[in-house]
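Just so it is clear, none of the values below were taken in a lab; they were calculated from the coordinates. Because the structure is a prediction, the values reported are computed rather than measured. Here Cβ is always computed from backbone atoms with ideal geometry, including for glycine, and neighbour counts include all displayed protein chains.
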Amino acid sequence: MQSGQYFRLFLVSFLMLFIEIALIRWVSTESRIFAYVNNLVLLSCFLGIGIGCYLSDKKPRLYISIMALSILIILIKAPLRLNIADQNLHIFRDIPLLLSTFTDSVVWGEPAISFTVWTTFLGLSVTFLLFLIIIFILIPMGQILGSVFNQYKNPITAYSINVVASILGIWCFALFSFQYIAPMYWLFVVIFLFIALYYSRDNRSKTKFYTILLALVLLISAAFLSNGREDAAQTIWTPYQKLKIKDFTDEYTQINRGYIIDVNNVSYMTLLNLSDNFISGHPGYYSTELRQFSQYDIPYLFYAGAEDVLILGSGGGNDVAGALRNNVKSIDAVEIDPGIYNLGVKYHPEKPYSELRVNVFIDDARSFMKKSDKMYDIISFGLLDAHTLSSSYNNTRIDHYVYTLESFRKASRLLKKNGIFTVIFAAQRPWIEKRIYFLLWEVFGSPPLTFRKSDGGNYGWGGTMYITGRDHKIIEDVLTANPQLKQYLESRSLTFSREDYENDPICLTTDDWPYFYLEKAMIPNMHLCLMILLGLLLVGAGKTIFTAGRKLNLHFFFLGAAFLLLEFQNISKSTLLFGSTWLVNGIIITAILVLILAANLFVARFKLTSLKSIYILLIISILLSYVVPVNMFNTLGYWPKSIIAGILLNLPIFFAGMIFIYSFKRTTGKSVAFGSNLLGAACGGILESLSFVIGIKLLLPIIGLFYLLSWHFVHKEPSSHK
């Protein structure tokens, strides 16, 4: 095989992985419904590559990828608006959010439009159109990949090149994210790779050249259209989300209160000036008497003289500034997004992060609590609600494992005997208020003091606030001693009884069922509609591509479905052990791919005569993962935990990799096998939603069943072992 073919395989594999992650980040940010529906962009990428592999005997047309990508950018960024129910909605950014009119799940900043069949149909149609465009972006690259696989005499080497290129694609994009590089520059990388891929072909012509050139001009024009609609000086793309900062000036009084930070195009966070000088300088609008009841100051009315405070989700610094105003001696501030922290350092009017009393930890809240053994007078859960997935490869969000029973229990163990525990949350549904209420009741043994905070934005955006502790009598004594505080809270109080819980049971979130934004253990209607639509698409695509010579290879199909669910399991469990930071997720995905390389090396070095023993080891390793509780590893030190948990969690990945490469080496239709595997992965991605009903752990029996089905069909596919 000539070196040009090696380079071509490497190039297309790198490009596919890079563009896949870029699409997941960008589309989920700009058309936010994709951030709330599990792995929709990832599934469209799998379908596109899988269909492309099936069509590998057809001539790939790269200009289709380039034009589809250009159309996607133009549709999302061009000012295409429609008036619905007196609201001016962007057709491709806002209308898909009409799916959020179902009340059994939550989307932040959803349009205030009531549910109708028309709005649901419109939301589904626009979402489905974007989904199809993404598929067409990947199909030509899938064709190239399948064609190169068919030409390789050594499939283990070919697949290993594919995996290595994927690892490099992941970390290239991670480097861009770490440097806060904007999507405009991601796109330039994609354009360069498209040009390189075109010139790696043997059969180039002037017609093809001009077609590609025209498509690239369209793509570059779309890129400048996208960039022209952003204020580059005020917009940054962090490893987690898009942030845009702007002045927070009252339109009536013209008083500058500080700054507003838009997160993924939704106003979400403020950097408020509540300093003594500012309050005294605007006596007609602010008062120190009311400021003491702000969400940032009120915890210290329940613990005067607090010395050690932990703030989880410190954001831009408002909670930290509140602690400093109340003379706290030592403040540990935990914030997962370094971009938000940096904006707080640069723009917060009170400069709280510059104080020596403040210790900043850029970390996930759960990860920090696992590593800390310090005891605190006050623990405050700030506005931790997130609007982005924790990983490109699972359906949990960054904050899912923060608001669980186990998380609150861990936090309570860091609280001193007479300490105060506070939570504030912008609850968009009554059942979210009740869920937090009963979670805290379960952990602390008594109902939390609960009230709704809404001060018109002067003293914070507010939300539902909960105050509790190990000794609830301390809270009662403070209220008795401070009639003004008691009166203030009573006018805003919110209570639930055990009868409320029993009459309308609320699913308490746990590490196995962490779906904080779902009302009950069910597949939400929004997901159900999209699952049905995707299922119909799979059936329709199957009728088109599954011809006599290209039938679905069920052995590889079930391997793909099982593997994606197994990967989801691994990422979820690793998140509980090591946190959900972007770096941890990058390492987890890389570790999975390295294990696949190890499996390739094992099969290349050692002669396997049968898959039976490997399948038995695979099923045993899945049973071990099911039986051994993941929390058991948290009692170990970091390195023993990393080694032991890493081996146990990843054993199924290694054995599954051995089965795949053994079968892939022997099959004659490699493009069909790889395409079937990706279509199976897309099916597995759809079935991830079953965890909404049964929890994450019970996906393991389904994974085991799929691997058994792949074992069954290994002998039913005559091409697999020729």
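Taking the centroid of alpha carbons for each part, the range 566-585 and the range 242-261 are 36 Å apart.
Remark on Asp512: its backbone amide H falls under 5 Å from none of the residues 5 or more positions apart or on other chains, H modelled at 1.01 Å from N.
Relative contact order for the range 567-650: 39 percent, from Cα pairs under 8 Å spaced at least 6 residues apart, divided by residue count.
Once the Cα atoms of helix 338-347 and of the chain are each reduced to a long axis, what angle between those two axes, in degrees from 0 to 90 to the nearest 10, is obtained? Helix 338-347 sits at roughly 40 degrees to that axis. Loop sites by DSSP among the chymotrypsin sites (Phe, Trp or Tyr not before Pro) of the chain, restricted to those with at most 11 other Cβ atoms within 10 angstrom, leave 253-605 as the longest stretch without any of them. Remark: the range 258-373 projects, on average over all directions, an area of 7.8 nm² (convex hull of Cα atoms). Normalising the average separation of contacting C-alpha pairs (under 8 angstrom, six or more residues apart) by the number of residues puts the relative contact order of the range 314-385 at 37 percent. Its relative contact order, with pairs defined as Cα atoms under 8 Å and 6+ residues apart, puts the chain at 15 percent.
Here's how it looks for Arg397: its modeled amide H is under 5 Å from those of Ser390, which are all 5 or more places away or on a different chain. Here's the list of lysines a cross-link from Lys416 could span, going by alpha-carbon distance under 20 Å and ignoring same-chain residues fewer than 8 apart: Lys329, Lys370, Lys371, Lys374, Lys473.
Please give the calculated 222 nm ellipticity per residue for the chain, where each DSSP H segment of at least 4 residues contributes -39500 (n - 2.57) and the sum is spread over every residue; nearest 500 deg cm²/dmol? After summing the helix terms and dividing by residue count, I get -18000 deg cm²/dmol.
Taking each of Lys410/Lys453; Lys59/Lys670; Lys58/Lys670; Lys434/Lys697 in turn, the alpha-carbon distance tops 19 angstrom for Lys410/Lys453; Lys434/Lys697. Across the range 673-683, rounded Karplus estimates of 3J(HN,Hα) from the backbone phi angles (6.51 cos²θ - 1.76 cosθ + 1.60, θ = phi - 60°) give 4, 5, x, 4, 4, 6, 5, x, 4, 4, 5 Hz, Gly and Pro being marked x.
The share of C-alpha pairs in the range 243-326 whose separation exceeds 23 Å stands at 28 percent. Here the 3J(HN,Hα) profile of the range 659-668, calculated from phi with Karplus coefficients 6.51, -1.76 and 1.60 at θ = phi - 60°, is 5, 4, 5, 4, 5, 5, 5, 8, 6, 8 Hz, Gly and Pro shown as x. How tilted is helix 430-444 with respect to the longest principal axis of the chain? Cα atoms for both, answer in degrees (0 to 90, nearest 10). Once rounded, one gets 70 degrees.
The ellipsoid that matches the Cα gyration tensor of the range 472-536 has semi-axes, each √(5λ) in whole angstrom, of 41, 13, 12, with the longest given first.
Projecting the Cα positions of Cys45, Ile195, Leu290 onto the charge dipole of the chain (unit charges on Cβ atoms of Lys, Arg, Asp and Glu, taken about the Cα centre) puts Ile195 furthest along the positive direction. Computed from Cα atoms, the angle from the helix 612-627 axis to the main principal axis of the chain rounds to 10 degrees. Reducing the range 307-339 and the range 505-553 to their Cα centroids gives an inter-centroid distance of 40 Å. If a/c stays under 1.5 just call it rounded; otherwise compare a/b with b/c (prolate if a/b is bigger, oblate if not). Do that for the range 552-722, with a ≥ b ≥ c from the square roots of the Cα gyration tensor eigenvalues. Verdict is prolate for the range 552-722.
The radius of gyration of the Cα set in the chain, together with its Dmax, comes out at 26.8, 86 angstrom.
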